[in-house]
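Asker: This structure is in structure tokens; I'll ask about it shortly.
Just so it is clear, none of the values below were taken in a lab; they were calculated from the coordinates. Keep in mind it's a predicted model, so treat the numbers as computed, not measured. In this analysis, Cβ positions are derived from the backbone assuming ideal geometry, glycine residues included, and neighbour counts consider all displayed protein chains.
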Amino acid sequence: MPDNTSPDTLTQRILVVDDDARLRSLLQRFLEDDGFVVRTAHDGSQMDKLMQRELFSLVVLDLMLPGEDGISICKRLRENNGDIPIIMLTAKGGDADRIAGLEAGADDYLPKPFNPKELLARIKAVLRRQNRELPGAPSHQLEVVEFGPWTLDLSTRTLKRDGNVVTLTTGEFSVLKALVQHPREPLTRDKLMNLARGREWGAMERSIDVQVSRLRRLIEDNPSQARYIQTVWGVGYVFVPDEADVEAVKSE
């Protein structure tokens, strides 16, 4: 019997949280056929019990759940489980639901109904991105970037302020890494999307704005008057690491 396991699925454990029993069963069979280990839960409470017993590589989380909804669960996972990748399933394709999921900390989203093959592709893409950013992954770039009170270690995905670690999601880290590796260079949203996630990025342009907004709330003393991640009107964003560069940007 042929072995369908690929390098993307080795030892990877996926948790699917959805109140639709038929969809849970379908996704479990489909993902297991591709070599993943899959567990399912119908709500946040059952998810919590599974996560207490097992470690998961990624969570597929439905937006509309009985009891605690997917947005609340996503925020809680971000607070308690740091950078575990989360793909949000939304029953609607509207921008508001997608943006809400990204703002809550989801790494990607997929509107229902969807082809299971597309979900599989997104799971593999998110896991590949995370694996590329894991400590010990090969890097030919400057690995430690300091700006103001912040230190970003690209080799360990660690952001610190005065020695205190600030947790970043996979999406936040990818965007911040792209920005700090191109200091003082205005980047269009398309360029930033390509640098952060390459062709795997399946989200709308607004998702870049959401990630930048989240980053500003994390690193800026006054997010409404950004010091490090500045808006270049009509272009996109620019990372400005020091005071001299701030004055130069203002004078342009």
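Asker: Could you list, in their original order, any pairs among Lys75/Lys160; Lys49/Lys191; Lys112/Lys191; Lys117/Lys160 whose Cα atoms are separated by more than 32 Å?
Answerer: Pairs exceeding 32 Å: Lys49/Lys191; Lys117/Lys160.
Asker: Enumerate the calculated ³J(HN,Hα) couplings along segment 46-59 in order (Karplus 6.51 cos²θ - 1.76 cosθ + 1.60, θ = phi - 60°), each rounded to whole Hz, writing x wherever the residue is Gly or Pro.
Answerer: For segment 46-59, the Karplus curve yields 5, 4, 4, 5, 5, 6, 6, 9, 9, 9, 10, 7, 6, 10 Hz.
Asker: Once you order the gyration tensor axes a ≥ b ≥ c over the Cα atoms, which shape class does segment 13-130 get: rounded for a/c under 1.5, otherwise prolate or oblate by comparing a/b with b/c?
Answerer: Values: a/c = 1.21, a/b = 1.07, b/c = 1.12.
Note, shape of segment 13-130 comes out rounded.
Asker: What ranking, highest mean first, results for peptides 35-43, 182-190 when packing means the other Cβ atoms within 10 Å averaged over each residue? Could the numbers behind the result be given before it?
Answerer: Values: 35-43: 18.8, 182-190: 15.3.
So the order, starting with the most tightly packed, is 35-43, 182-190.
Asker: Distance in nm between label sites at Asp33 and Thr188, each 7 Å beyond Cα in the beta-carbon direction?
Answerer: 4.0 nm
Asker: Taking amide hydrogens as modeled 1.01 Å from N in the peptide plane, which residues meet the under 5 Å criterion relative to Gly236, leaving out close sequence neighbours?
Answerer: For Gly236, no residues qualify.
Asker: Only Cα pairs under 8 Å and at least 6 apart count here; give the relative contact order of segment 13-130 as a rounded whole percent.
Answerer: Relative contact order, segment 13-130: 22 percent.
Asker: Whole-Hz Karplus ³J(HN,Hα) for segment 103-120, in order, using 6.51 cos²θ - 1.76 cosθ + 1.60 and θ = phi - 60°, x for Gly and Pro?
Answerer: 5, 6, x, 5, 7, 7, 9, 8, x, 7, x, 9, 7, x, 5, 5, 4, 4
Asker: Ok, one more. Label Val144 and Thr11 with points 7 Å out from Cα along Cα→Cβ: what is the distance between them in nm?
Answerer: According to this spin-label approximation, the distance is 2.8 nm.
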